[in-house]
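Let me begin by presenting the structure, written as structure tokens, before commenting on it.
The values are calculated or read from the model by the stated rules, or taken from the named source; none is laboratory data. It should be emphasised that the depicted structure is a prediction, and the values quoted were computed from it without experimental measurement. Positions of Cβ are generated from backbone atoms using ideal geometry, with glycine treated the same way; all protein chains shown enter the neighbour counts. Remember, those area values only see protein heavy atoms, side chains included, never the ligands or the DNA or RNA. Shrake-Rupley method; radii C 1.70, N 1.55, O 1.52, S 1.80 Å.
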Amino acid sequence: MSPDRRTLLRAGFGFTAAFASGAHMNIPAQANSNEGPQFRSALSHDEAVRAAVADDFGRIIRKQPRAVLEPAESDDIASLMRWAAERGLKVAARGQGHSTYGRSLTDGVVVDMREFNRIGEIETDRVVVEAGATWQSVLDATLARGLTPPVLTNYLGLSVGGTIAIGGIGGTSSRCGMQADHVLELSVVTSDGRELTCSAAENSDLFDAVRAGLGQCGIITRASLRLVRAPERVRRYQLFYRGLASLTADQRRMLAARRFDQLQGAVLPDGNGGWRYQLDGATFYNRDATPDESTALAGLSDDRSKAVITDLTYREDALAFAKFENLLRSKGQWSIPQPWLFTFLRGSNAEQVAREIIELSNADIGPFGRITYYPMQTDAFRAPLIQLPGESIVFSFNVVRIPSDTDAASIARMVAANRALHDRIRKAGGVLYPVSAFPMSPDDWREHFGPRWPLLRDARRRYDPHNLLTPGYNLFPDQA
Ligand SMILES: Cc1cc2nc3c(=O)[nH]c(=O)nc-3n(C[C@H](O)[C@H](O)[C@H](O)COP(=O)(O)OP(=O)(O)OC[C@H]3O[C@@H](n4cnc5c(N)ncnc54)[C@H](O)[C@@H]3O)c2cc1C
């Protein structure tokens, strides 16, 4: 075991010795190929295995790797890094493959983290998990102790490593920031084959470069995640509005009053060429303190006759996205190209910019698509590489296209439209959430990270001197 990994364990973050050593696992003694370093786990050159990780949820970019590593231990990832560095092969981690523009793809080696997903002992305020664990498995394990991560993504089928690498937004982000803001400590394998522990107190440059750092400085192997007491139940309010102005005004009112624990919203096609404007709010409660509905909704200007109020357990509510997933799957809309655009708008002009873009948007959204639109307080966002407009309130603004036309020309047109919308949003002071489907140049990324660019660039030089990691973003292309 590397000294750094021991530090993570010594710090009391919850793995038992047997768990940490992998003693309970049955792992082949070495790689199943004669090309590759000696691993305890499988490095596969099999065509079907490589083809299975040659695209992602977006189904727009395709790149087949030369090999796929399914690590059993982080030492295997470290060995792979040294081996790849000697050969100049690119390496990319893959969590659940839910990027939409080839960000986890490479023609080198993909590290498939799906089975690297163990969950350590749960303490009252934290849990250590392997980075391939999904948020659903983390939630299931922590809820058994009455605990939860403070921020969950709307969709829980994403991996811990995959969302920490980009940020990770959910219903509580309006008040609590991103998942990357609630990480206490990380284990990271860097491209020179070291496994380092990092936190605010130790290797803080790496900690800052890895959270929302787009996988450019290392592969996250373990994360110590902050936990809070989970509420028992959730009262959810779906409120409907005549237009964007009244929706925005009530969202702002609710954010300022801190009346909802979760605050989101969306603009959805109404099926007749128009839009429905929806606020999603939720209050958490325990059985001994049922929320007072009239207080929660007092002073709002929604069409109350249309309000949908539901009462769910916390787990049922956290898994609500599964209904949407099932709907899309049943309509054949889950496994089609998904050219999504995710951004943040400045609070001061969000309504105006959103209105212009909503007016431009049309059939490309598709009958099942949506534009999500909701405010967040920026003081809770702390990880330095999370990029947001510099105002105290910003709006998450995501064009979730689930297109009816999926031929190559239509998808290419939508990818180009994403680029144009991004440029328009940037001109208006907005910022990209980097899970979007369109190409970015190294200059675009430099502009995206702005004053934080040197932090990422310098960490990259330190921790990936061979320029191996995560080429799918095109942040640091090889010099000619
Ligand atoms: C249906 C759906 C719902 C979504 N909902 C949300 C949401 O509610 N909130 C939100 O914030 N985002 C959401 N997203 C976007 C999603 O968070 C990102 O695409 C995320 O990166 C996907 O996680 P993943 O595990 O699939 O990662 P992958 O797509 O596998 O990887 C994403 C990137 O992270 C890198 N990476 C993966 N694992 C590691 C690791 N261990 N160490 C270092 N780098 C790593 C990869 O190389 C790649 O560059 C959603 C996407 C989809 C398709």
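Tabulated values for the structure
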{"read-out": "Criterion violated by Ala230 - all others in (1) away from the ligand (no atom under 15 Å from the Cβ); (2) small (Gly, Ala, Ser); (3) out of contact with any helix residue (DSSP H, G or I) (no Cβ under 7 Å at 6 or more places or on another chain); (4) farther than 23 Å from Arg461 by Cα satisfied", "value": "(3)"}
{"read-out": "Residues of segment 177-190 satisfying the condition of being in contact with a Lys or Arg (Cβ under 9 Å, 6 or more places away or on another chain), more than 8 Å from the ligand (Cβ to nearest atom) and not acidic (Asp, Glu)", "value": "Gly177, Ala180, His182, Val183, Leu184, Leu186, Ser187, Thr190"}
{"read-out": "Test result for Arg287, open to solvent by 50 Å² or more (accessible area, probe 1.4 Å) and either touching a residue at least 12 places away in the same chain (Cβ under 8 Å) or within 16 Å of the ligand (Cβ to nearest atom) (or both)", "value": "yes"}
{"read-out": "Residue within segment 376-389 that is open to solvent by 30 Å² or more (accessible area, probe 1.4 Å), within 30 Å of Pro451 (Cβ to Cβ) and more than 19 Å from the chain's Cα centre (by Cα) present", "value": "yes"}
{"read-out": "Residue pairs meeting the criteria (Cβ under 7 Å; at least 6 apart or on separate chains; first under 16 Å from Thr372 (Cβ atoms) and in contact (Cβ under 8 Å) with a residue 24 or more places away in the chain, in segment 241-252; second part of a helix (DSSP H, G or I) and open to solvent by 20 Å² or more (accessible area, probe 1.4 Å))", "value": "Leu244/Glu351; Leu244/Arg355; Thr248/Glu351"}
{"read-out": "Residue that is most open to solvent (accessible area, probe 1.4 Å), among those in segment 81-97 that are out of contact with any helix residue (DSSP H, G or I) (no Cβ under 9 Å at 6 or more places or on another chain) and either more than 16 Å from the ligand (Cβ to nearest atom) or within 16 Å of Asp107 (Cβ to Cβ) (or both)", "value": "Glu86"}
{"read-out": "Selection count where residues are part of a helix (DSSP H, G or I) and within 19 Å of Arg103 (Cβ to Cβ), scope segment 46-79", "value": "4"}
{"read-out": "Set Gly161, Gly213, Gly167: member being in a helix (DSSP H, G or I) and surrounded by 24 or more Cβ atoms within 10 Å (Cβ to Cβ)", "value": "Gly161"}
{"read-out": "Total residues in segment 101-111, condition within 20 Å of Tyr155 (Cβ to Cβ) and buried (at least 24 other Cβ atoms within 10 Å of the Cβ)", "value": "3"}
{"read-out": "Tally of residues being surrounded by 13 or more Cβ atoms within 10 Å (Cβ to Cβ) and within 14 Å of Arg236 (Cα to Cα) across segment 293-303", "value": "3"}
{"read-out": "Qualifying residue in segment 308-320 (condition: assigned to a loop (DSSP other than H, G, I, E, B) and farther than 26 Å from Met414 by Cα)", "value": "yes"}
{"read-out": "Any chance Thr124 is buried (at least 24 other Cβ atoms within 10 Å of the Cβ), in contact with a strand residue (DSSP E or B) (Cβ under 8 Å, 6 or more places away or on another chain) and in a loop (DSSP other than H, G, I, E, B)", "value": "no"}
{"read-out": "Tabulated pairs, segment 200-219, first more than 9 Å from the ligand (Cβ to nearest atom), second of a type in the set (D, E, K, R), C-beta under 7 angstrom, 6+ apart or interchain", "value": "none"}
{"read-out": "Output for segment 304-325, where each listed residue is open to solvent by less than 60 Å² (accessible area, probe 1.4 Å) and either more than 16 Å from the ligand (Cβ to nearest atom) or outside the structural domain of Gln262 (by TED's automatic domain parsing) (or both)", "value": "Ala307, Thr310, Asp311, Leu312, Thr313, Tyr314"}
{"read-out": "Candidate set from segment 140-158 (those that are buried (at least 23 other Cβ atoms within 10 Å of the Cβ) and without any contact (Cβ under 8 Å) to a residue 60 or more places away in the chain); member that is farthest from the ligand (Cβ to nearest atom)", "value": "Val151"}
{"read-out": "Every residue from segment 459-470 that is in a helix (DSSP H, G or I) and open to solvent by 50 Å² or more (accessible area, probe 1.4 Å)", "value": "Arg461, Arg462"}
{"read-out": "Test: residue in segment 174-189 that is touching a residue at least 40 places away in the same chain (Cβ under 8 Å) and among the hydroxyl-bearing types (Ser, Thr, Tyr)", "value": "yes"}
{"read-out": "Residue within segment 417-424 that is modelled with pLDDT of 95 or more, assigned to a helix (DSSP H, G or I) and closer than 30 Å to Asp205 by Cβ present", "value": "yes"}
{"read-out": "When residues of segment 160-176 are limited to those that are within 7 Å of the ligand (Cβ to nearest atom) and over 8 Å from the mean Cα position of the chain (by Cα), the one nearest to Phe57 (Cα to Cα)", "value": "Gly161"}
